[in-house]
Amino acid sequence: MKKKLSPGFLLDIFFESLLALRDNRLRTILSILGITVGIAAVMTVGTVSKGGHFIIFSELETFGLKSVWVYRDQADKDPHRAVRAGTGIENADYAAIRAAGCPALRLLSPVVYGRRDKMLVRYGNKYGNGQINGVGADYLEINNDTLMYGRSFREEDISRNRQVAIIGTDVQRDLFGPLSNPVGRDIRIGERKFTVIGVLAAKSRDFLASIGSSGGQDANNRLLVPYTVFQQMTGFKDINFLQAEAISLPDADTAVSQIIRILKRHHSDRFTYKSGTMAQYIRTTENILKWVTFIGVVAASVSLFVGGMGIMNIMSTSVLERTREIGLRKALGASRKEILIQFLLEAILISFIGGILGLILGILAGYSLAFFSHIPLEPSWPMVLVSMAVSIGVGLLSGYYPAHHAAGLKPVEAFRFE
Amino acid sequence: MIRLSNICKSYRLGEVLLPVLKDISLTIGAGEFVAIMGPSGSGKSTLLNIIGCLDSVESGSYHLNGIPIDGAGDEELALIRGDKIGFIFQLFNLIPRINAERNVELPLLYAGIARHERKRLALAALESVGLGDRALHSPMQLSGGQQQRVAIARALVNRPDIIIADEPTGSLDSLAGREIMEIFAKLHAEGKTIVIVTHEEDIAAFARRVIRLRDGRIERDDIRP
Ligand SMILES: Nc1ncnc2c1ncn2[C@@H]1O[C@H](COP(=O)(O)OP(=O)(O)O)[C@@H](O)[C@H]1O
Ligand SMILES: [Mg+2]
């Protein structure tokens, strides 16, 4: 024989559950709080991790997300072969790559820094220091550099060996003071006279900014000149590395292999090359972020678990207190299943209310964090769904044991209970 | 029809096994009005709970309307308790947080009846015990006699064949007790089988048959003409 649930059984039992929870207001509130805190913690972790993602992306973007760089692998000096000195990249290689018109490449620039020396710069009687780099016309665009004053290099600046320079904000400050526009002024780098044509906008000096092709140098201390001029100045004939921008982020790897293929062909495979892409850094930081999120989720889950234990405790007490009522319901025709449903419903109700409150709290926390940190933090909507599911799951799991116990009682056992 | 054969029941108290019912055989026909009497601790409630399918037996067999109760599963027992038997308790056992009408509705809820019909039947049952105007009162707002009448309405609402009551007047004053017993007499006249436990002779006087227990055995079984 099978019992059928009445139409509206759930609704009526739900109504009674509400009343039962109201009867034990303090206890109900406490266990709701447990779940609320847990869910809010989970939500906040989700929001913050999404915000972190945003910060990392926008930070990396200031260095050009699609930028790639190629340089010789200095570890390839095999003692059994003839020693090959040099950087493995010559001006002719650069020209050849440009001429080849690689489809994955949008921009390309040589970077020459010689022995990576700092250069003394002078304007009138003021002195400063700068990291000098000889670059091509595409350099600024590849690096997402913007100008505070002036203009970028033009092709003819490079090809005609013009004595022009673009300076970082630190250099500008040292030579001219922070507020004056130095475009058109003549400065001395070493023995030579250069005309300032632009000032780079300042870049963040954070940890994140120190990675990438800038290779740990301070972006605001740069002193950029045409690479051709730099080679004349120093007598250095090669290119230290090539920097390029791929047409899209997924094309970064293709762009790198196109460059390397041409380089190897030109040097008859005498060198090996290494490369870096922003895409790699993005992957790495995303991985780190994933772990951070994971740890956060674990921590939040612990508080959710504690909330679940709270529900379990409260349901056990509630079952104990209502043992007589359970006996009565069974005497009136309730089956084990119907008793189980009733108590599970109560547990789910607690955790659901707790979940909703936690959600609201988590979202508010996210928005106020966003407000105070000026980072556009947004609740992660998948996380909302997950936490709702989790809170109901916690209710089900933690309500199950006490409910199961209650449902299994013989009516007479329940009646005798005091 | 209630048929008990050679029922034994004992409780374990620590190490010792305390026999409460010793080889009880008893048949109660449809439409009988039976009072179970006996000194305190003689096993009256235990016997009544077994008759009401609230407790299991240790040995012996119990058939209700020809159905063996010992082998019945949880859902089957729930159906029998809900449909065939109406229970009335000494302490009324109303659920305090819901009103009289909702209390009376409970057996219908578990019987699978729709909400609207439940409400109609529950109100009719309350009318029949003279509490039609108290439907929305909470149990706390009712006197003991009124509470017991709500409990009777609840026991009757599913139209069971058998009414089982354990000292239904035990918590009431004699006037209220009398009113309750008059309802029982009326139900008996309508053809219900009624089994009550009591230790008051004037309550037992409403019944047509009195079974006296002593030490877990039937001492006497008198049927009045
Ligand atoms: N659950 C139980 N555990 C142990 N002993 C019980 C239990 N229920 C009843 N008893 C004992 O069984 C005996 C009969 O109880 P009961 O049927 O309630 O008697 P009555 O209703 O006649 O007073 C009593 O001695 C009582 O203490
Ligand atoms: Mg008793």
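The values are calculated or read from the model by the stated rules, or taken from the named source; none is laboratory data. Computed from a predicted model, the values in this text were never measured in an experiment. Positions of Cβ are generated from backbone atoms using ideal geometry, with glycine treated the same way; all protein chains shown enter the neighbour counts. The accessibility values were calculated without ligands, DNA or RNA, using every heavy atom of the protein model including side chains. Shrake-Rupley method; radii C 1.70, N 1.55, O 1.52, S 1.80 Å.
Out of A:Gly333, A:Gly327, one residue alone is within 30 Å of B:Leu77 (Cβ to Cβ), within 14 Å of chain B (Cβ to nearest Cβ), in a helix (DSSP H, G or I) and of a type in the set (Gly, Ala, Ser). It is A:Gly327.
Of the residues B:Ser61, B:Ser56, B:Ser45, the single one that is within 12 Å of chain A (Cβ to nearest Cβ), more than 24 Å from B:His188 (Cβ to Cβ) and open to solvent by 20 Å² or more (accessible area, probe 1.4 Å) is B:Ser56.
Put simply, of B:Ile7, B:Ile36, B:Ile80 the only residue that is more than 13 Å from chain A (Cβ to nearest Cβ), open to solvent by less than 30 Å² (accessible area, probe 1.4 Å) and either assigned to a helix (DSSP H, G or I) or within 16 Å of ligand 2 (Cβ to nearest atom) (or both) is B:Ile36. Report the residue count in segment B:56-77 for those that are under 26 Å from B:Glu105 (Cβ atoms) and either within 16 Å of ligand 1 (Cβ to nearest atom) or in a strand (DSSP E or B) (or both). Residues meeting the conditions: 1.
Just to confirm my filter: which helices (runs of 4 or more DSSP H) fall fully inside segment B:89-197 and include at least 1 residues that are among the charged types (D, E, K, R) and within 14 Å of chain A (Cβ to nearest Cβ)? Result: B:100-110, B:115-128, B:144-156. Out of curiosity, is B:Ile85 away from ligand 1 (no atom under 16 Å from the Cβ) and in contact with a Cys (Cβ under 9 Å, 6 or more places away or on another chain)? Against the criterion (away from ligand 1 (no atom under 16 Å from the Cβ) and in contact with a Cys (Cβ under 9 Å, 6 or more places away or on another chain)), B:Ile85 qualifies.
Being open to solvent by less than 40 Å² (accessible area, probe 1.4 Å) and without any contact (Cβ under 8 Å) to a residue 40 or more places away in the chain is the filter; apply it to segment B:64-73 and report the residue that is farthest from the other protein chains (Cβ to nearest Cβ).
Going residue by residue through segment B:64-73, those that are open to solvent by less than 40 Å² (accessible area, probe 1.4 Å) are B:64, B:69, B:72-73.
Next cut, without any contact (Cβ under 8 Å) to a residue 40 or more places away in the chain only: B:69, B:72-73.
Values: B:Ile69: 13, B:Ala72: 9, B:Gly73: 8 Å.
Once the filter is applied, the top-ranked residue is B:Ile69.
Of all residues in segment A:260-270, those being at pLDDT below 85 and buried (at least 17 other Cβ atoms within 10 Å of the Cβ) number 0. Evaluating A:Ile350 against the criteria (1) surrounded by fewer than 20 Cβ atoms within 10 Å (Cβ to Cβ); (2) away from chain B (no Cβ under 14 Å) leaves one unmet condition, (1). Filtered by the rule that a residue be open to solvent by 10 Å² or more (accessible area, probe 1.4 Å), closer than 17 Å to A:Gln231 by Cβ and in contact with a strand residue (DSSP E or B) (Cβ under 7 Å, 6 or more places away or on another chain), segment A:159-187 gives A:Asn161, A:Arg162, A:Gln163, A:Val164. The residue of segment B:109-146 that is nearest to A:Gln342 (Cα to Cα), among those that are out of contact with any Gly (no Cβ under 9 Å at 6 or more places or on another chain) and crowded, with 24+ Cβ neighbours inside 10 Å, is B:Ala122. The residue that is nearest to B:Ala204 (Cα to Cα), counting only those in segment B:20-33 that are of a type outside the set (Val, Ile, Thr) and surrounded by 15 or more Cβ atoms within 10 Å (Cβ to Cβ), is B:Phe33.
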